[in-house]
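Read the structure below first, then the notes.
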Amino acid sequence: MIGSVGGAPGLATALMKEKTAMQDVEVAVVKKGQDIEKAKGESALKLIDSASGSLGSGRIDVRV
């Protein structure tokens, strides 16, 4: 019985480390998503700038 009590702190520590690792993964996934959205926004701005620069008037032709 005494041996099982000694394992409890180690188990608790292992569970806390696992939870911390999972939170780190979740944060990394969120940051990657934010990076992707930022890149999409920058690409959209570049596209708009290139479209407006080629027309000369500074306006984008949206007629199809």
Lysines with Cα under 23 Å of K46, excluding same-chain neighbours fewer than 8 positions away | K31, K32, K38
At most 14 other Cβ within 10 Å, DSSP loop - GluC sites (Glu not before Pro), the range 7-47 | none
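Bear in mind that the values in this text are calculations on the coordinates, not laboratory data. These figures come from a predicted structure and were not determined experimentally. All Cβ positions, even for glycine, are placed from backbone atoms using ideal geometry, and neighbour counts span all protein chains on display.
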